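Asker: Before anything else, here's the structure in question.
What follows draws every value from the coordinates through simple rules; no lab data is involved. This is a predicted model, so every value here is computed, not measured. Every residue, glycine as well, gets a Cβ built from its backbone with ideal geometry; the counts of neighbours run over all protein chains shown.
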Amino acid sequence: MTLPELYFRVRENGAVVFRVDTENRQRRIDMEQIAVANVRNGDIKPHGDRTLTEGEKLAIQDWISNRQALLAQRDVDDIHRAVDHLNLTTQWAQSKATDDQLESVTDALLLAMHDLRNVLVRKKADRLASK
């Protein structure tokens with residue numbers, strides 16, 4: 001099995017980047033931090049006084065691009081799940097919910113749905129107006 005040259009420890013806004021080294025006398029895996037990558041703004045900050053090679057910079061930039069695409073895909077997938085949850089919530093309210101259960105969630109749901117509807121209608125109108 002061949003290990004990658006770089007390992008990315010994912011964190012909330014990007015990753016800590018390590019160089020993977022197996023070429024030592026003990027034949028153990030050593031990981032040396034070389035940079036921090038920011039997915040939100042694409043910044044790459046070398047760790048300490050380190051200077052990144054062009055290959056490392058390209059590999060980190062590729063990782064950032066792939067990660068941004070994955071996160072965007074997950075965002076859309078989460079919204080599709082939210083639509084499913086709304087449908088399941090409707091079915092629950094229609095067929096299973098007790099009066100007390102409905103009383104405990106109705107105001108919060110109505111406000112959230114009203115807010116969402118306002119944003120969606122405004123965004124739809126903006127898209128139509130720009131065409």
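Asker: Which ordering of Val39, Val16, Val76, Val105 is given by a fewest-first count of other beta-carbon atoms within 10 Å? The partial results should precede the final answer.
Answerer: Numbers: Val39 19, Val16 16, Val76 9, Val105 13.
Fewest to most other Cβ atoms nearby, the residues stand as Val76, Val105, Val16, Val39.
Asker: Could you work out [θ]222 nm for the chain from helices alone, using -39500 (n - 2.57) per DSSP H run of at least four and dividing by all its residues? Round to the nearest 500 deg cm²/dmol. Before the final figure, lay out each step's value.
Answerer: Working: 2 runs with 74 residues, N = 131.
After summing the helix terms and dividing by the residues of the chain, the value is -21000 deg cm²/dmol.
Asker: If every alpha-carbon in the chain counts as one equal scatterer, what log10 I(q)/I(0) does Debye give at q = 0.12, 0.15, 0.21, 0.22 1/Å?
Answerer: Relative scattering, expressed as log10 I(q)/I(0), comes to -0.73, -0.85, -1.21, -1.27.
Asker: Whole Å is fine, so just give me how far the alpha carbon centre of region 3-51 lies from that of region 75-131.
Answerer: Computed from Cα coordinates, the inter-centre distance equals 41 Å.
Asker: Using only the Cα atoms, work out Rg/Rh for region 79-130, with Rh taken as the Kirkwood radius, to two decimals. Mind showing how you got there, number by number?
Answerer: Values: Rg = 14.1 Å, Rh = 12.6 Å.
Computed over Cα atoms, the ratio is 1.12.
Asker: Take the alpha-carbon positions of region 1-42, form their convex hull, and give its projected area averaged over all directions (one quarter of the hull surface) in nm².
Answerer: Numbers: hull surface 13.4 nm².
Projected over every direction and averaged, the Cα hull of region 1-42 covers 3.4 nm².
Asker: Translational D (Stokes-Einstein, µm²/s) of region 6-70 at 37 °C and 0.692 mPa s when Rh comes from the Kirkwood sum over C-alpha pairs? Mind dumping the intermediate values first?
Answerer: Numbers: Rh = 12.2 Å.
Rounded to a whole number, D works out at 268 µm²/s.
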